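What follows is a short report on a single structure.
The values are calculated or read from the model by the stated rules, or taken from the named source; none is laboratory data. Keep in mind the model is a prediction, meaning the values are calculated, not measured. Positions of Cβ are backbone-derived with ideal geometry, glycine not excepted, and every protein chain shown enters the neighbour counts.
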Amino acid sequence: MKFLDALTIDQCFEQKELVLKLQSHWESHGSDPDHPYFYTLGVPFYSRPLESYFKATPRSNPLIHQHFNFLLGKVAKLISSELRTPVKVSNQLAFPGFHIYTKPMPQGGTVHFDLVTNSVIENFPEVIEGPLGYSFTLPLSLPEAGAGLNFWNYKYPLEIKLPETLSPKGPFPEDFIKLSLGNPEYIPYQLGKIYFFESHFLHQVAPSPILNPGEFRLTLQGHLVKSKAGYWVMFW
Ligand SMILES: [Fe+2]
């Protein structure tokens, strides 16, 4: 896990305001459509079948580009100096986007690997090189009670015996993982920092049990895969 200083508190606030202004473009998620607690702005690869992803990205990318060019430019520059290689976006993939939680999340997210980078590598074998991929999160607004990431120092594939009901690709029940691998390291988020890690490490959005009215858990999210031309492609 690497930490890169990206934005000041004021810049995080400005970016949050931009995301809030685009509320009509948020997509809601969750099991109860009348009471969503989680939204995305942008098109995450994991959120829909491939065909629908490729249909949605040409609509979403111009919006992200128009409003978040500064933000994506800043992130690309920092990750590029970390990897010592140019970082670009591609119009064939969705640009990085946002996770927006508006309600407390006592359970946290699923325990998973970001194998989405493998899917991209498999779908573009002529131009994208595997197997390494990276993921990043940049918190732009956080509840005062805190939010963060649970991170296990174990990579895909896990060298443990899995019950037959579980795919080696995950996601995994939290209790099972804690029993088998122990507790994760909790990484508390700070505004404006990029949290950057290899996509194949096991992780989980940590529970955010307290979110007061008017608070948001808002993060910029993205992944990177390496092109055969030598640069890294930043996408969601
Ligand atoms: Fe993830």
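Considering only residues in segment 165-204 that are among the hydroxyl-bearing types (Ser, Thr, Tyr) and more than 22 Å from Leu132 (Cβ to Cβ), the one that is surrounded by the most Cβ atoms within 10 Å (Cβ to Cβ) turns out to be Tyr189. Could you tell me whether any residue of segment 206-228 is crowded, with 17+ Cβ neighbours inside 10 Å, free of Cβ contacts under 8 Å to residues at least 60 places away in the same chain and over 17 Å from the mean Cα position of the chain (by Cα)? No, the conditions are met nowhere in segment 206-228. Of the residues making up segment 139-155, none is surrounded by 13 or more Cβ atoms within 10 Å (Cβ to Cβ), in a helix (DSSP H, G or I) and away from the ligand (no atom under 16 Å from the Cβ). Among the residues of segment 102-114, just one is crowded, with 22+ Cβ neighbours inside 10 Å and either outside any loop (DSSP other than H, G, I, E, B) or at pLDDT below 95 (or both), namely Val111.
Take the conditions out of contact with any Cys (no Cβ under 9 Å at 6 or more places or on another chain), more than 17 Å from Cys12 (Cβ to Cβ) and not basic (Lys, Arg) and apply them to Leu220. Does it pass? Judged against the criteria, Leu220 is not a match.
Restricting the first member to segment 122-146 and to residues that are under 17 Å from Tyr231 (Cβ atoms), and the second to residues that are within 16 Å of the ligand (Cβ to nearest atom) and of a type in the set (Phe, Trp, Tyr), the beta-carbon pairs closer than 6 Å and six or more apart or on different chains are Phe136/Phe196. Of all residues in segment 1-58, those satisfying the criterion of being assigned to a loop (DSSP other than H, G, I, E, B) and either basic (Lys, Arg) or surrounded by 18 or more Cβ atoms within 10 Å (Cβ to Cβ) (or both) are Ala6, Leu7, Trp26, Gly42, Val43, Pro44, Arg48.
Can you tell me which residues in segment 100-121 are more than 10 Å from the ligand (Cβ to nearest atom), closer than 15 Å to Thr40 by Cβ and within 15 Å of the chain's Cα centre (by Cα)? Listed by number, the residues that qualify are Ile100, Tyr101.
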